[in-house]
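Laboratory data are not the source of any read-out in this text; all were calculated from the coordinates shown. Note that the structure is a prediction, hence the values are computed from the model and not measured. Positions of Cβ are generated from backbone atoms using ideal geometry, with glycine treated the same way; all protein chains shown enter the neighbour counts.
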Amino acid sequence: MKLYYSPGACSMAPHIVLNELGLPYEAVEVDLKAHKLVKTGEDYYRINPKGYVPAIRLDDGSLLTEVAAILQYLADRKPETGLLAAPGSMERYRIIEWLTFISSELHKGFSPLWNPAMPEAGKQLAIERLKQRFALLDQHLADKEFLMGPKFTVADAYAYTILNWSYFHKLDLGTYKHLQAYMKRVAARPSVRATAHAEKLAA
């Protein structure tokens with residue numbers, strides 16, 4: 001299996017999950033500005049016509065894209081880990097609910113901040129909307145270790161990855177004490193530390 005990733009991008013979520021599961025994989029870095037593989041210079045559009053990460057090349061040669069789909073696929077490779085609940089269970093639907101929220105409300109919520117053409121007023125509006133989402137998460141995590149309670153799931157890998165962008169954009173999470181504590185808990189996991197090291201985001 002190959003994971004196409006870019007350091008610190010949303011592809012960090014499946015990278016974390018791969019390390020959490022201990023699945024064998026090859027990490028292939030993509031330069032998203034040039035849309036080329038860093039090591040070989042190959043045109044990334046020829047691999048993934050969508051042009052963005054993550055993507056995984058499966059052992060049968062097929063390509064799977066989109067964070068939420070990849071996370072569910074990976075977790076189902078080792079269901080005994082509990083990173084994704086059993087098919088048909090309400091717990092699984094709750095995890096998918098979180099994945100959808102993270103994708104639509106957090107991941108896409110940051111999009112205006114990455115756009116250099118976005119006017120400052122548009123960025124401020126996006127920040128205010130993100131703060132509303134941060135407050136919701138902070139309230140949810142007031143009595144929970146992770147999004148689903150005591151157990152780390154694929155939703156946490158995705159949430160942590162996207163919320164990490166707050167630091168890049170200098171959005172202060174200090175007023176959200178439960179959310180900030182959650183980020184520290186997730187960051188301390190061996191799989192997250194290994195991923196940060198592999199992506200050269202930490203020593």
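Worth pointing out:
- Amide H within-cut-off set for Val30, under 5 Å, with H built and near neighbours excluded: Tyr5, Ser6, Val38
- Reported to the nearest whole Å, the Cα centre-to-centre distance from region 1-47 to region 182-198 is 18.
- Placing pseudo-labels 7 Å out from each Cα toward the beta carbon at Asp43 and Gln132 gives an inter-label distance of 4.2 nm.
- Here region 151-203 was treated as a single set of alpha-carbon atoms; its pair distances binned every 5 Å from 0 give 4, 18, 30, 28, 16, 4, 0 percent.
- Relative contact order for the chain, counting Cα pairs under 8 Å that sit 6 or more residues apart, in percent: 24 percent
- For the chain, a simple Cβ point-charge model (Lys and Arg +1, Asp and Glu -1, everything else neutral) yields a dipole of about 320 debye relative to the Cα centre.
- An oblate overall shape is assigned to region 20-114, the ratio a/c of its alpha-carbon gyration tensor axes (a ≥ b ≥ c) being 1.5 or greater and a/b not exceeding b/c.
- Distance cut-off 23 Å, percentage of C-alpha pairs in region 84-188 lying past it: 27 percent
- Remark: region 123-131, residue by residue, has Karplus-estimated 3J(HN,Hα) of 5, 5, 4, 4, 5, 5, 5, 5, 4 Hz, where x stands for each Gly or Pro and the curve is 6.51 cos²θ - 1.76 cosθ + 1.60 at θ = phi - 60°.
- The orientation-averaged shadow of the Cα convex hull for the chain, equal to a quarter of the hull surface, comes to 11.8 nm².
- Cross-linked pairs Lys151/Lys184; Lys36/Lys184; Lys33/Lys200: Cα-Cα separations exceed 25 Å for Lys36/Lys184.
- Rg(Cα) / (2.2 N^0.38 Å) computed for region 1-62, rounded to two decimals: 1.05
- Length gained when the stretch Met1-Lys108 is fully extended (0.36 nm per residue, less Cα-Cα span): 35.8 nm
- Share, in percent, of DSSP beta bridges within the chain that are antiparallel, nearest 5: 70 percent
- Applying the Karplus relation 6.51 cos²θ - 1.76 cosθ + 1.60 with θ = phi - 60° to region 14-28 yields 3J(HN,Hα) values of x, 4, 4, 5, 4, 6, 5, 7, x, 7, x, 7, 10, 8, 10 Hz, where x marks Gly and Pro.
- Local net charge near Ala13, Cβ-Cβ under 14 Å (Lys/Arg +1, Asp/Glu -1): -3
- Contact order normalised by residue count of region 84-203, Cα under 8 Å, 6+ apart, percent: 24 percent
- A straight Cα-to-Cα reach below 17 Å connects Lys50 with the aspartates and glutamates Glu29, Asp31, Glu42, Glu66, residues fewer than 8 places away in its own chain not being considered.
- Distance-filtered residues of region 26-55 - backbone nitrogen under 20 Å, label point 7 angstrom along Ala117 Cα→Cβ: 32-35, 50-53
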